[in-house]
Amino acid sequence: MVGIGAVFLLDRPSEAEKQCDDVTQARDDLLAAADDESAVAVIGDSYSQGTGLAGPDAAWPARLAGLIGAPVAVDGMGSTGFTTAGFCEGDDVTYGDRLADDLPETDVVVVQGGANDATLGDPAGVQQAATDLLADLEDVPTVVVVGPPAVPAADRAAVDTVDRGLRAATEGAGRIYVPLIDADIPLLADGIHPTEAGQARIAELIADALGR
């Protein structure tokens, strides 16, 4: 009986595996809902999934679609970033991995992230990872990179490092950088995810950048 119990415990999924399954399913749902005629493609994290709110309809990509009057396709996966696979450690789901697997076929790509790199990834490695990612997008006419806000859940020095790295990589590639670090993005009580007002503010900043 002891042996059977041990096997049962080994077969139970870990909390990390469950979290990975959850964010993967949420990503799959977003990809399945993507419009083939989308004008903008998004690569993002839990912000683009509307985590902590009502879901994708409350997230900034949906709000952006309303502001620009065009469909937005979203590849969003919670806990991931430029240097981290988050809950799915060991899987090829960093931004660069996902981009290499499926290059967006749109004239506009928005890459939003960095908070997970500050908390789970390698802040010092973000600049090179972003540089490589932007090189893969060199044939896309318009690319916007959106950095992380100053999230209390992450060390401020780590967020600053991510912000500087993304800015340097983006400007080095001649692309548009949208910093959120001093944009006063309202956050939920978890100290990392935007409130509805925060999501709306992010969408407005990106819409303004696309207008430029």
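Bear in mind that the values in this text are calculations on the coordinates, not laboratory data. The structure presented is a predicted model; accordingly, all values stated were derived computationally and were not measured. Don't worry about glycine lacking a Cβ; one is built from the backbone with ideal geometry, like all the others, and counts go over all protein chains shown.
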Item checked: Shape parameters for segment 113-159, alpha-carbon atoms, Rg then Dmax in Å -> 12.1, 36
Next item on the list: Quick one: which residues, 5 or more positions from residue 114 or on another chain, have an amide H under 5 Å from its amide H? H modelled 1.01 Å from N in the peptide plane, none for Pro or chain starts.
Entry: 82
Notebook entry, point to check: In terms of modelled amide H atoms, which long-range or inter-chain residues lie less than 5 Å from the amide H of residue 79?
Noted result: 46
Next item on the list: Assign one of three labels to the chain, namely rounded, prolate or oblate, based on the Cα gyration tensor with a ≥ b ≥ c the square roots of its eigenvalues; rounded applies when a/c is under 1.5, prolate when it is not and a/b is larger than b/c, and oblate otherwise.
Entry: prolate
Next item on the list: Please give the helix 15-33 orientation as an angle from the longest Cα principal axis of the chain, in degrees from 0 to 90, rounded to the nearest 10.
Entry: 40 degrees
Next item on the list: Enumerate by residue number the GluC sites (Glu not before Pro) in segment 120-212 meeting two conditions: DSSP loop (anything except H, G, I, E, B), and at most 10 other Cβ atoms within 10 Å of the site's Cβ.
Entry: 138
Next item on the list: Mind jotting down the distance between the C-alpha centroids of segment 14-39 and segment 181-212, whole Å?
Entry: 22 Å
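Check each of the GluC sites (Glu not before Pro) in segment 11-49 and keep only those in coil by DSSP with at most 15 other C-beta atoms within 10 angstrom; list them in order.
37
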Next item on the list: Rounded to the nearest 10 degrees, what's the angle between the helix 126-136 long axis and the longest principal axis of the chain, both from Cα atoms, 0 to 90?
Entry: 70 degrees
Next item on the list: Please figure out what share of the DSSP beta bridges in segment 2-211 is antiparallel and state it in percent, rounded to the nearest 5.
Entry: 5 percent
Checklist line | C-alpha center-to-center spacing [segment 59-99, segment 107-155] in angstrom | finding: 11 Å
Check: What are the extents of the Cα atoms of segment 142-199 along their three principal axes, listed from largest to smallest and rounded to whole Å?
Finding: 36, 24, 13
Notebook entry, point to check: What is segment 2-211's relative contact order, in percent, from Cα pairs under 8 angstrom and six or more apart in sequence?
Noted result: 20 percent
Next item on the list: Return the long-range amide H neighbours of residue 144 (sequence gap of 5 or more, or a different chain), with a cut-off of under 5 Å between placed amide H atoms.
Entry: 109, 110, 111
Item checked: Modelled FRET efficiency - R0 25 Å, residue 17 with residue 124, Cβ distances, 0.05 increments -> 0.30
